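Below is one structure, written out as structure tokens; the observations come after it.
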Amino acid sequence: MGQQITISSMKGGVGKTEVAINLAAAIRKVTGKRVVLVDFDIPYGGIAPALGMEKSVTLSDWIRTRRALNEVQMESLVIRHEKSGIDIVPAIADADDLQNFDENDAYRILEQLSSVYDYVIVDTGVDLSTITKTAIQLSNYVLIVSTTQHVSVWNNHQYKEDLLKMGITHDKIGLILNQVPNQKKTNVDLVETILNVYQNNGKSIRNTSYIRFDEKVRKTRDKKSFMYLDYPKHDFSEAVTELMKNMGIIGFTTELDMRTGWLAQFKKVFG
Ligand SMILES: Nc1ncnc2c1ncn2[C@@H]1O[C@H](COP(=O)(O)OP(=O)(O)OP(=O)(O)O)[C@@H](O)[C@H]1O
Ligand SMILES: [Mg+2]
């Protein structure tokens, strides 16, 4: 069975899709394994438009196919993104399909995909629907994306607590703090506050990385490209690498490295 990673947030526009796309491309690049990116941001999703891809097949086709599929049949229900080598399953094509999409379908689809793919990355919307919950329950890792905005930090903190209540253990939860403003002074206060919120307030989670706000990210998205592939040294890409280490996809040097990862990266970016 492949590893499953769900990217989610209780705030919109924070960079979930951006992180999901880059993480998928990064895993593919460093491992050469089979990676599929599934859009569970229902109904319309963001992956196909973000990559400028036609929705020639979508989740709708998976929903309608209520049976076990073999590998060849599955391959006809994903779209290959040539530049990155990842496969994608765009969100549903028709709002009518919503009525036919429930947690059993979500379970079946994800189980089938992870029987063939080494990595199944699920992008989600801002919701805790039974579909999102199913993705979370099946995941080896849940990545929360937040910005530094007060509402985002606190809603996502609440979300982290709810994940723990759902039985997701803290070592399976990571956080990316995205779109961090570029002022040094503000950031020193921010890092302390946010570390406190996520680590000392309730149960500490397996923390991850910071990504600064940079117009380059949006411009790269407008070009339908990937920060990780186009700018491997950018802190966006380094954050994705850090994430892969946290998830055990690429090796960590030491236990200390793991514990200090967050602060070390912070200092490197802002120090
Ligand atoms: N660090 C960053 N700096 C600048 N722009 C960013 C950064 N991260 C993401 N963006 C841009 O912000 C926009 C929103 O990102 P994205 O679509 O990934 O958010 P989302 O959380 O998936 O939103 P939604 O809730 O609508 O699904 C995109 O144009 C993206 O390229
Ligand atoms: Mg999105």
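Points worth noting:
- Here's how it looks for Tyr141: its modeled amide H is under 5 Å from those of Gln4, Thr6, which are all 5 or more places away or on a different chain.
- Computed from the C-beta positions of Asp189 and Lys29 and an R0 of 41 Å, the FRET efficiency is 0.70 to the nearest 0.05.
- Restricted to Cα atoms, segment 34-112 shows a radius of gyration and a Dmax of 11.8, 34 angstrom.
- Helix-only CD estimate at 222 nm, as mean residue ellipticity for the chain, using -39500 (n - 2.57) per DSSP H run (n ≥ 4): -13500 deg cm²/dmol
- DSSP bridge orientation in segment 3-270 - percent antiparallel, rounded to nearest 5: 10 percent
- Placed amide H near Asp127: partners under 5 Å, 5+ positions off or other chain: Ser9
- Over the chain, relative contact order from alpha-carbon pairs under 8 Å, at least 6 apart, %: 24 percent
- Karplus 3J(HN,Hα) series, Hz, for segment 173-178 with 6.51 cos²θ - 1.76 cosθ + 1.60 (x for Gly, Pro): 10, x, 10, 10, 9, 10
- Between Thr169 and Lys216, the modelled label-to-label distance comes to 3.8 nm, taking each label 7 Å out from Cα in the direction of the beta carbon.
- Kirkwood hydrodynamic radius computed over the chain comes to 18.7 Å, based on all pairs of distinct alpha carbons.
- Ranked list, fewest to most other Cβ atoms within 10 Å of each Cβ, for Ser9, Ser76, Ser204: Ser76, Ser204, Ser9
- Segment Arg66-Trp154, length gained on full extension (0.36 nm per residue, minus Cα span): 27.8 nm
- Inter-label distance, Asn104 to Val57: 2.3 nm, where each label sits 7 Å from its Cα along the C-beta direction.
- Per-residue packing, averaged as other Cβ atoms within 10 Å, sorts the ranges 166-176, 86-96, 13-23 into the order 13-23, 86-96, 166-176, beginning with the highest.
- Simple point charges give the picture: +1 on the Cβ of Lys and Arg, -1 on the Cβ of Asp and Glu, and for the chain a dipole about the Cα centre of about 820 debye.
- Listed cross-link partners Lys83/Lys219; Lys83/Lys160; Lys16/Lys203; Lys160/Lys245; Lys160/Lys223; Lys133/Lys203 are compared with a 25 Å cut-off, the Cα-Cα value being larger for Lys83/Lys160; Lys160/Lys223.
- Among Arg67, Arg221, the order by Cβ neighbours within 10 angstrom, fewest to most, reads Arg67, Arg221.
- Residue exposure sequence - Phe213, Phe236 - by fewest surrounding Cβ within 10 Å: Phe213, Phe236
Since every read-out is calculated from the coordinates, none of them should be taken as a lab result. Computed from a predicted structure; not experimentally measured. Here the Cβ is made from the backbone with ideal geometry for all residues, glycine too, and neighbour counts use every protein chain on show.
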